[in-house]
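Everything on this sheet refers to the single structure shown next.
The values are calculated or read from the model by the stated rules, or taken from the named source; none is laboratory data. Since we're looking at a predicted model, the values are computed, not measured. FYI the Cβ positions are ideal-geometry reconstructions off the backbone, even for glycines, and counts take in every protein chain you see. In case anyone asks, the SASA skips ligands and DNA or RNA and just uses the protein heavy atoms, side chains included. Shrake-Rupley method; radii C 1.70, N 1.55, O 1.52, S 1.80 Å.
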Amino acid sequence: MSESASTSFPQRAARAIKDEFLQQALAIATTRFVNSRNEVFQAFPQGEALRDRARQIKEAVLQRLDHYLEQLTDNVERLGGHVHFATTAEEARGIILSIARENRVELVVKGKSMAAEEIDLNEALEHAGIRVAETDLGEYIIQLAHEKPSHIIAPAIHKTKAQIADVFAKELRHQVAADPEVITRLARGALRDKFLQADMGISGANFAVASTGTVVLVTNEGNGRMVTSLPRVHVALMGVEKVIPSMTDLVVFLQILARSATGQKLSAYTTLVRGPRQAAELDGPQEFHLVLMDNGRVKQLAGPLREALYCLRCGACLNVCPVYRQIGGHAYGDTYPGPIGILMTAMLRGNGAVKDLAHASSLCGACAEVCPVRIDIPRMLIELREHLDREKIAPWPERVIFKTYARLLGRPALYRLAGPVSRLMQRPFVRQGRIRSLPLLFRKWTATRDLPPVAPRTFRERWGELERER
Amino acid sequence: MTARAEFIGRIRRETSKTPGLFPATVAERPADPAAAVERVRRQLAERWPQAIRRFQEEFERLAGVFHVVPRMDQVPAVVGRIARERSVRRVICWSAAALGADLGEGLRQEGLDAVPMPDGIVGEPEARRLRELSAAAEIGVTGADLAIAETGTLALISGRGRPRSTSLLPEYHVAVFDRRVLVETVEQAGVVLEAWHAEPARSMSGGAITFITGPSRTADIELTLTRGVHGPREVHAIFIE
Ligand code: SF4
């Protein structure tokens, strides 16, 4: 994407680490999210079993994904809705554009949708002369500031209220107090007009229930409700993996989703929509369209990133990730930040797009621990690194280092020798107990890494001494 | 765009390439949802006082305002008080059939401009007029089809005489319900959802079900909790004992 094309991941990360406000904002926000999440789960003992159940449901759905999608399609059509199938991002954009054209749409109101971000839908609509209003407050701020979201559920987490007040002042051409209450009121007024005028509402989908043809939206602000109640056309865009079998499955997910995301028991609004408005209704869309999108997902059904398809997009893995907590969302340089974002970027754009990002993890396992569906992100990251190595996408000094290391580990005699030899060789490079940079070919590799030096005495040497002392 | 057969066909081929990561099953649905709901109701017949207390506790924790009245005909007085305290007077409400009582007259006696929503199908100009009225109204009065004690949640089915916007556009949402719609847990709400969808034509005349857990809220600016960003900034629950 635009930023990642012009800068490298290490550059973006370095910039983020130097940004004092960002550091403070990230620390406060992620700590708050993590604490709320932990508290609410502690008070909900059945949560652990529900997480196991939810994980099973996701796996079971993927095993029969074709069946559930057929069922979903049949039911949406039976209710009077239209279902479209998009293999690529381009197809998804094309479908939505043609729905907009057929309905002579001038203004679109959008609910928060990562899938729409993923396909750069706003740009496509605007390019076609259609005005788009983001309606999630965070997304709206980001849109006015011409930026990208930096967190899955808190898109404007990186901005201060003063910065946000400035953005509004510029848009509204008058002074705005740096007070969340004031800014929220202003946004309510501005967006309310748009909701009432808009011809088309676009939303994502947190879930789609196959057996009933229901699309489920979870929001706190109520914009999801607006988008599905007021405009005459509603388009929901979802990745194929979001389908679930039944209402019974839905309540399993609802019980852990908000708890994982924000530490709420339930989000303020869970909206279940079945097709367009029914004959007896005064409001609701006259037309309903569901766009089922592949965009790199389907080939992972039998691929190494299959488990990433369980993701509920709750954001919990971002909040606990020591890397995300330091660098924030923008440094990742793509739609999906954080640990799951690395895997999603690999899924959407191929392994080449994550040759640096694949290492933006300490493999500490905190993400897998909090993930409501227990996705083993570290396992997939390790496998991704192996792939990068095998496909020779990884930088070659790194490949040389690890190959050499592997050889040493496989040959005890060589390994014994390696201790004293490395101690001799590292001597010029150790500063304050760390190796901070190496010369020549390894300079780039150590530019962003410190290494512990080889110890004055290795474990084997000390063991030998202890044996002799006995 | 890809044709359905081609799209699903590709997914079928990919799914058949792998047995998956581990053997897994989906959640087990109630075999007879109506009977399952009946069982829940029987439990509640004795436990409803505890359940409504729990509801109140959770609802108030979300900044909801809880009221109890003995009878439906006392609802207008509560709405009147809410309106006077907030210096507002424009009220929209669900139709008499949807609410189970005609509140229009009572609300007018409270000095409120009350507009009940129509039960029948109306023409485009009338629909537009009602939409403008709804957008201008300060208070929206609805029923509730489900109240979940564990989370302080109200669920509303849209349909005839029960527009989606009545609980959405006004600044203050007032929901009226009694013990018949009360359940204790989200899991039980799942059973009710299964029952509704087992006979959708009978139980739902509209296309949307909304679960409402407190007022509209956001924390998008420096994580400061702010209410009423798009939907109502206050939610009131009136329980008819
Ligand atoms: S990977 Fe898990 S924790 Fe991360 S966003 Fe997805 S569901 Fe949430």
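Which residue, of A:Ala210, A:Ala236, A:Ala258, is more than 11 Å from chain B (Cβ to nearest Cβ), in contact with a Leu (Cβ under 6 Å, 6 or more places away or on another chain) and modelled with pLDDT of 95 or more?
A:Ala236
Report whether or not B:Arg90 is farther than 15 Å from B:Val174 by Cα and of a type in the set (D, E, K, R).
no
Being open to solvent by 10 Å² or more (accessible area, probe 1.4 Å) and either touching a helix residue (DSSP H, G or I) at 6+ places or on another chain (Cβ under 9 Å) or free of Cβ contacts under 8 Å to residues at least 60 places away in the same chain (or both) is the filter here, so list the residues in the range A:45-59 that pass it.
A:Pro45, A:Gln46, A:Glu48, A:Ala49, A:Leu50, A:Arg53, A:Arg55, A:Gln56
How about the range A:98-150: which of its residues are assigned to a loop (DSSP other than H, G, I, E, B), without any contact (Cβ under 8 Å) to a residue 60 or more places away in the chain and among the small types (Gly, Ala, Ser)?
Residues satisfying the conditions are A:Ala128, A:Gly129, A:Ala145.
Restricted to the range A:407-428, and to residues that are open to solvent by less than 60 Å² (accessible area, probe 1.4 Å) and among the hydrophobic types (A, V, I, L, M, F, W, C), which residue is farthest from A:Arg460 (Cα to Cα)?
Ranking the qualifying residues of the range A:407-428, first place goes to A:Leu408.
Is it fair to say A:Arg78 is open to solvent by 10 Å² or more (accessible area, probe 1.4 Å), more than 23 Å from the chain's Cα centre (by Cα), in contact (Cβ under 8 Å) with a residue 60 or more places away in the chain and at positive phi?
In short, no.
Condition check ((1) surrounded by 21 or more Cβ atoms within 10 Å (Cβ to Cβ); (2) not in a helix (DSSP H, G or I)) across all residues:
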site	(1), (2)
B:Glu105	no, no
B:Arg108	no, no
B:Gly111	no, yes
B:Val115	no, yes
B:Ile121	no, yes
B:Pro125	no, no
B:Arg128	no, no
B:Leu133	no, no
B:Ala147	yes, yes
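Only one of these is outside any loop (DSSP other than H, G, I, E, B) and among the hydrophobic types (A, V, I, L, M, F, W, C): A:Ala187, A:Ala178. Name it. Spell out the reasoning first.
Working: A:Ala178 fails: outside any loop (DSSP other than H, G, I, E, B).
From the options A:Ala187, A:Ala178, the qualifying one is A:Ala187.
Return yes when A:Pro378 is away from every other protein chain (no Cβ under 14 Å) and within 8 Å of the ligand (Cβ to nearest atom) and no when it is not. Before you say what the answer is, go through the steps one by one.
Details: away from every other protein chain (no Cβ under 14 Å): yes; within 8 Å of the ligand (Cβ to nearest atom): no.
So A:Pro378 fails the test.
Select from the range A:276-287 the residues that are at the interface with chain B (Cβ under 8 Å from one of its Cβ atoms) and either in contact (Cβ under 8 Å) with a residue 12 or more places away in the chain or closer than 22 Å to A:Glu102 by Cα (or both) and list them in ascending order.
Within the range A:276-287, A:Pro276, A:Arg277, A:Gln278, A:Asp283, A:Gly284 qualify.
Considering every residue within the range A:123-130, establish whether at least one is at positive phi and at pLDDT 95 or above.
yes
Give the range A:289-331 a look and list any residue that's more than 8 Å from every other protein chain (Cβ to nearest Cβ), at negative phi, at pLDDT 95 or above and away from the ligand (no atom under 16 Å from the Cβ), or say none.
Hits for the range A:289-331 are A:His289, A:Leu290, A:Val291, A:Met293, A:Gly303.
Would you say A:Ile95 is outside any strand (DSSP E or B), facing chain B (nearest Cβ under 9 Å) and buried (at least 23 other Cβ atoms within 10 Å of the Cβ)?
So A:Ile95 fails the test.
Identify, from the list A:Leu97, A:Leu125, A:Leu65, the residue that is in contact with a helix residue (DSSP H, G or I) (Cβ under 6 Å, 6 or more places away or on another chain) and of a type in the set (A, V, I, L, M, F, W, C).
None of the other options fit; the residue is A:Leu65.
Could you check, for the range A:32-43, whether at least one of its residues is on the phi < 0 side of the Ramachandran plot, hydrophobic (A, V, I, L, M, F, W, C), within 14 Å of chain B (Cβ to nearest Cβ) and not in a helix (DSSP H, G or I)?
Yes: the range A:32-43 contains one or more residues that are on the phi < 0 side of the Ramachandran plot, hydrophobic (A, V, I, L, M, F, W, C), within 14 Å of chain B (Cβ to nearest Cβ) and not in a helix (DSSP H, G or I).
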